[in-house]
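What follows is a short report on a single structure.
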C-alpha cells in the first residue's frame, strides 16, 4: 500500500501556529510567478523604481524648502518689518518687546549676504548677540570653550560643521568676506573661534554667525538697525496672543511689525516659490496614479494568463483566501521591490546632489520619515493593484478555470 | 454535527444527482437523476461522447462542483453539503486529480510541481521532499525531478501530474482523459502506471475517457449518454 503520513492544516483554526511557516512555503511559488514574464516584470519594476526615485527626490526638495518648519521652535516668534523682511527694524525695539507680557526675551539677526571668494560659494552669515542667540537656539551645539572664545573675540565667528567641512575651515582660521549690502569698499575679516553641530539631523549647519557689535561698528549704513527679532515666549499656547501684542505695540510707528511663529516664518520663505507641499503632492499623485495603472495592468494580465493554473491550485485544495493571498503577495512583492530599489537609489542620488547644493539648499536630504512613507506607499500600491486581480482569482469557479488551461 | 454515513465498503455514492447549467435564459440539463456507487479499491472508467456529462460527473465526485439536486458521498461524507474552506480542505485530504493537459505550473520544476499539494500540510521541508521523492519514484521519474515541464515529454509531464495527484496519498484518484493528449506508447505507459497504482497500491481510480483502449484497462466501464449512465460489465 502506498501510504504517506500526511498531516494537513486545520482550515478552521484561525490560531494555527504554523501560519507563519505556511506563508514562507509559498515564497518560492510567488517568486517564480513573478519571474514568469521577465521582460514585462522588469519593465513594470523599472517604472516603479523610477516613480520611487522621483518620490525620494521630491521628498528631499520638500525637506529642503519646508523641513525647517518641523524643527522650528514652538516657543519662538519672528518679528519682522510689516511690509518686507528687507526693511530694517530699530534695535531699540528689543527692550520694548521684552517688556510685553508673555515674552521671555528677544534677540535679533540681520542678513549679511557676504561672499567668500566668489558668489557661487554661497552660504548664510548673520550677525547676532552670541549669548542670547545660543540661549534661544538650543539646537545649535557649541562646546563651552568655543562659546567662551566667541564672547571674548570681537571679530570671532562660529560656523556650522557643514560649511567648515565644505571649505576646510578650522578653528583659528581667518576668513575674509565681502558684503555688497553693507560695504562695497572693504573686506570683513572673521576669526573662526567655534564650529557648531546640530542637535537634530535636520538642523541646518551651514550658516556662520558673528558678533553684532563688530558688524554694527563696521557697516557703512543702517547703524542701530537689525533685520528681524526672534522672541522666546513663556507659554507656546499663548503664541497668537503674544504676536498680536507685539504688533499692537508698534502699530502706527515708522516701522510697523509683523509677528508670526517661526514655523510660519519659514513656511513663508518657501511659499515665495509656491505651495511646495501641494506641488509635490500633485506631481507624486500623477506619478503614482500612472504607476497604479501600469502595475494594475501587469497584475491583471498575469492573473488572466494563469486562470487555469489558479484553477489547479483550487482543485488540489487551496482555499479562496489562499489564492487571494498569493496574488496580493505577488503584487506587493513587485511594488515593494521596486519601492526599496527606488528609495535606495533616491537616497544615493540625493546624497550626491546634496553635496553640490550645500549652500543653496542646506536641508536637502532624504529624511528617514520619507523612506518609511515610501515603503508604506509601496505596500499600499501592491495591495491596491493586486486586490482586483486577486478578487478575480477568488471568484473563479474551479471547473470553469480548468477548462481554460 | 457530522455528516458521515455508513459506507458498506462503498467509497463513492452518487444518488439521484441532477446538474443543470444556466446559460443566459437557457437551462442545460447535463446530468439527470444519475446514481452511481464505486467500491473502495476499484478502477472505474467512465466513457461517453463529448457533452455526455463525464467531466461534470467527475467534478461532482471531486468536489469541484455541486449538484443541482441529489447527493454525493465519499467515504460516507456528504461533500455536496460542504462549502468554502471545508470543501477545499476535503479536496486536499481526499482527492488527487490528473488532467488531460497535465496542468503543471511551467515556472516550477517537476519536484516543485509535485510538492504543491504538500504546501497545505504541516510537513517540514525535509518531510515534503521525502514525500515528493517517493511519489516521483512511484511514477518512475526520480531522474527528472529538477526538470521544468517544457523540457519533459508529454508522457513525462503526465507522470509528474500523477505524482502530484498521489503525493498526499489521497483516498480517490480522479483522472480526466489522462491519455487524451498522448500518443499510444506514452498513453499505454500512463495506463500501466494507473493500473499499478490501483492493483499494487490499492488506489481507487475513476477515469474519464472516450478511448476504448484506455477503458479496457479499468476493472469496470460505465457509459454515460445524455446525462444518464448505462451499466458496464465488471471484468
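The values are calculated or read from the model by the stated rules, or taken from the named source; none is laboratory data. Every value quoted in this text rests on a predicted model; they were computed, and no experiment measured them. FYI the Cβ positions are ideal-geometry reconstructions off the backbone, even for glycines, and counts take in every protein chain you see.
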Worksheet item: Quick check, is residue B:172 touching a helix residue (DSSP H, G or I) at 6+ places or on another chain (Cβ under 7 Å), crowded, with 16+ Cβ neighbours inside 10 Å and away from chain A (no Cβ under 14 Å)?
Response: no
Worksheet item: Does residue B:110 meet the test of being more than 8 Å from chain A (Cβ to nearest Cβ) and either in contact with a helix residue (DSSP H, G or I) (Cβ under 6 Å, 6 or more places away or on another chain) or surrounded by 20 or more Cβ atoms within 10 Å (Cβ to Cβ) (or both)?
Response: yes
Response to the item:
Within segment A:22-48, the residues that are over 13 Å from residue B:119 (Cα atoms), without any contact (Cβ under 8 Å) to a residue 40 or more places away in the chain and within 14 Å of chain B (Cβ to nearest Cβ) are A:32, A:35, A:38
Response to the item:
Note on residue B:164: of the conditions (1) surrounded by fewer than 23 Cβ atoms within 10 Å (Cβ to Cβ); (2) within 11 Å of another protein chain (Cβ to nearest Cβ); (3) touching a helix residue (DSSP H, G or I) at 6+ places or on another chain (Cβ under 9 Å), unmet is (1)
Practice prompt. Could you please find all residues in segment B:35-61 being in contact (Cβ under 8 Å) with a residue 12 or more places away in the chain, in contact with a helix residue (DSSP H, G or I) (Cβ under 7 Å, 6 or more places away or on another chain) and not in a loop (DSSP other than H, G, I, E, B)?
Written response: B:43, B:45, B:46, B:47
Worksheet, complete the sentence: Of the conditions (1) more than 9 Å from chain A (Cβ to nearest Cβ); (2) modelled with pLDDT under 90; (3) outside any strand (DSSP E or B), the single one that residue B:22 does not satisfy is (3)
Response to the item:
Per the list (1) at negative phi; (2) facing another protein chain (nearest Cβ under 7 Å); (3) in contact with a helix residue (DSSP H, G or I) (Cβ under 6 Å, 6 or more places away or on another chain), residue check on residue B:103 breaks on (1)
Worksheet item: Within segment B:185-235, can you find the residues that are within 14 Å of another protein chain (Cβ to nearest Cβ) and on the phi > 0 side of the Ramachandran plot?
Response: B:202
Worksheet entry | Sole exception among (1) within 14 Å of chain B (Cβ to nearest Cβ); (2) within 30 Å of residue A:381 (Cβ to Cβ) for residue A:317, by number | (2)
Worksheet entry | 2 or more residues modelled with pLDDT under 90: qualifying helices (runs of 4 or more DSSP H) within segment A:1-113 | A:19-25, A:27-34, A:38-71
Worksheet item: Do we find that residue B:93 is surrounded by fewer than 21 Cβ atoms within 10 Å (Cβ to Cβ), in contact with a strand residue (DSSP E or B) (Cβ under 6 Å, 6 or more places away or on another chain) and within 11 Å of another protein chain (Cβ to nearest Cβ) in this structure?
Response: yes
Worksheet, complete the sentence: Residue count, segment A:120-153, condition assigned to a loop (DSSP other than H, G, I, E, B), within 28 Å of the chain's Cα centre (by Cα) and either more than 22 Å from residue A:361 (Cβ to Cβ) or not assigned by TED's automatic domain parsing to the domain that holds residue A:175 (or both), comes to 3
Practice prompt. Could you please let me know if residue A:315 is touching a residue at least 60 places away in the same chain (Cβ under 8 Å) and touching a strand residue (DSSP E or B) at 6+ places or on another chain (Cβ under 8 Å)?
Written response: yes
Worksheet item: Going by the conditions given, is residue A:320 out of contact with any helix residue (DSSP H, G or I) (no Cβ under 8 Å at 6 or more places or on another chain) and either farther than 24 Å from residue B:66 by Cβ or in contact (Cβ under 8 Å) with a residue 40 or more places away in the chain (or both)?
Response: no
Worksheet item: Can you name the residue in segment A:385-405 that is within 15 Å of residue B:88 (Cβ to Cβ) and under 50 Å from the mean Cα position of the chain (by Cα) and is also nearest to the other protein chains (Cβ to nearest Cβ) among such residues?
Response: A:398
Item to complete: Would you point out which residue out of A:288, A:215 is over 31 Å from the mean Cα position of the chain (by Cα), part of a helix (DSSP H, G or I) and in contact (Cβ under 8 Å) with a residue 60 or more places away in the chain?
Response: A:215
Worksheet, complete the sentence: Residue count, segment B:66-90, condition farther than 11 Å from residue B:17 by Cα, part of a helix (DSSP H, G or I) and away from chain A (no Cβ under 12 Å), comes to 2
Item to complete: Tell me which of these residue A:178 doesn't satisfy, since it passes every other one: (1) in contact (Cβ under 8 Å) with a residue 40 or more places away in the chain; (2) out of contact with any strand residue (DSSP E or B) (no Cβ under 8 Å at 6 or more places or on another chain).
Response: (2)
Worksheet item: What is the number of the single condition among (1) surrounded by fewer than 24 Cβ atoms within 10 Å (Cβ to Cβ); (2) within 13 Å of chain A (Cβ to nearest Cβ); (3) in contact with a strand residue (DSSP E or B) (Cβ under 8 Å, 6 or more places away or on another chain); (4) part of a helix (DSSP H, G or I) that residue B:127 does not meet?
Response: (3)
